[in-house]
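The values are calculated or read from the model by the stated rules, or taken from the named source; none is laboratory data. Just so we're clear, the structure is a prediction, and the values are computed from it rather than from any experiment. Cβ coordinates were reconstructed from backbone atoms using ideal geometry, including for glycine residues, and neighbour counts include every protein chain displayed. Surface accessibility is based on the protein's heavy atoms, side chains included, excluding ligands, DNA and RNA. Shrake-Rupley method; radii C 1.70, N 1.55, O 1.52, S 1.80 Å.
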Amino acid sequence: MEFSHIPVLLNETLDGLNIKSNGIYVDGTAGGAGHSCEIAKRLKNGRLIALDQDPDAIKVATERLKDYPATVVQTNFRNMRQALDSLGVQFVDGIMLDIGVSSFQLDNRERGFSFHDSAALDMRMSKEGTSAADIVNSLEVAELTNILRDYGEEKFAYKIALKIAEERKKAAITTTGQLAEIIASAVPSAVRRKGNPCRKTFQALRIAVNDELGALKDGIDAAWSCLSSGGRLAIITFHSLEDRIVKKKFKEYCTGCTCPPDIPICVCGKMPVGKLVNTKSITASREELEKNQRSRSAKLRIIEKL
């Protein structure tokens, strides 16, 4: 299957990064190299470093970037500092992160991310470690409930977790099809009539399997440590859990004095270390939405290091 991925908010991201032809840039989520290729095209004496934890993405990105001034490294973007150190790079001029699952991962049934086709219940972006099947077959009901509620914002988290626990006593849950049927049987019929009830549970399990929110928090800190003064960090998120983390982190970087308001003179000495490039999140245009429905939930935030 071809690794196809339409880069979301492409022009907005490129403009936000303010790319210099001799600069050094990092795409922390290379995927199908859509954003990476467009960044690399704008470089003359500069350099692009493309990271991804997915071995399939690494193969594709390596091939698609072979004619550009680019280096491809297989690692999670939370390890960006170590990756750059290994390449002898201390600071870079811009970094972008496109958070979440790629179109290829969703559309490739063998990866087990989608509830539309029955396949092995996997969801591992790196193809290593604990799988979604391991989680649904081993965790207690309370732990499963927490995952579905906290990462999927699933209203019927407890009922779904309880049904999973009941069904796995009969036989191990090993496929996405099995899990989809269990979820459907656990929620009220009115919910099923509104649309496929699996989305939130599958999202929650994917986030848990890949520690996506933990990686995002670590990744923002890692990226910030790698940015030079005047460098920019652009992050695209696809759901509120991710966007809240980015928004909160960016606010911290842009906040100065934290002294109580009743103290007339600052004693904390805290100064802002960043400034927002866009005060509000950037979303897809009508034209982009018509071409790529997966851009409908995308939000782009950009910050510059002072």
Sorted by mean Cβ packing within 10 Å, highest first, what order do the peptides 173-181, 268-276, 237-245 take? 173-181, 237-245, 268-276
Note the angle between two axes, namely the Cα long axis of helix 240-254 and the longest principal axis of the Cα atoms of the chain, as a number of degrees from 0 to 90, rounded to the nearest 10. 20
Helix-only [θ]222 nm of the chain, DSSP H runs n ≥ 4, -39500 (n - 2.57) each, per residue, nearest 500: -13000 deg cm²/dmol
In Å², and per residue, what accessible area does the stretch 1-76 have when probed at 1.4 Å with the other protein chains present? 44
State, as an integer percentage, the relative contact order of the chain based on alpha-carbon contacts under 8 Å between residues 6 or more apart. 18
With every protein chain kept in the model, how would you rank VAL277, VAL209 by accessible area, 1.4 Å probe, largest at the top? VAL277, VAL209
Take each of the peptides 291-300, 117-126, average the number of other beta-carbon atoms within 10 Å over its residues, and list them starting from the highest. 117-126, 291-300
Report the rotationally averaged projected area of the chain based on its alpha-carbon convex hull, in square nanometres. 18.6
For the chain, the dipole about the Cα centre with charges only on Cβ (Lys and Arg +1, Asp and Glu -1), to the nearest 20 debye, works out at 700
How high is the relative contact order of the stretch 3-98, given as a whole-number percent (alpha carbon pairs under 8 Å, six or more residues apart)? 32
Percent of alpha-carbon pairs separated by more than 25 Å within the stretch 172-282: 48
Give me the percent of accessible area attributable to carbon and sulfur for the stretch 44-183, probe 1.4 angstrom. 46
I need the peptides 104-111, 251-258 ranked by packing, meaning the mean over residues of other C-beta atoms within 10 angstrom, with the highest value on top. 104-111, 251-258
In this model, which of LYS41/LYS200; LYS249/LYS270; LYS155/LYS248; LYS20/LYS275; LYS44/LYS305; LYS270/LYS305 are farther than 27 Å apart at the alpha-carbon? LYS41/LYS200
In square angstrom, what is the accessible area per residue of the stretch 144-184 with a 1.4 angstrom probe? 51
Amide proton proximity set for VAL72, modelled H, under 5 Å, gap of 5+: ALA50
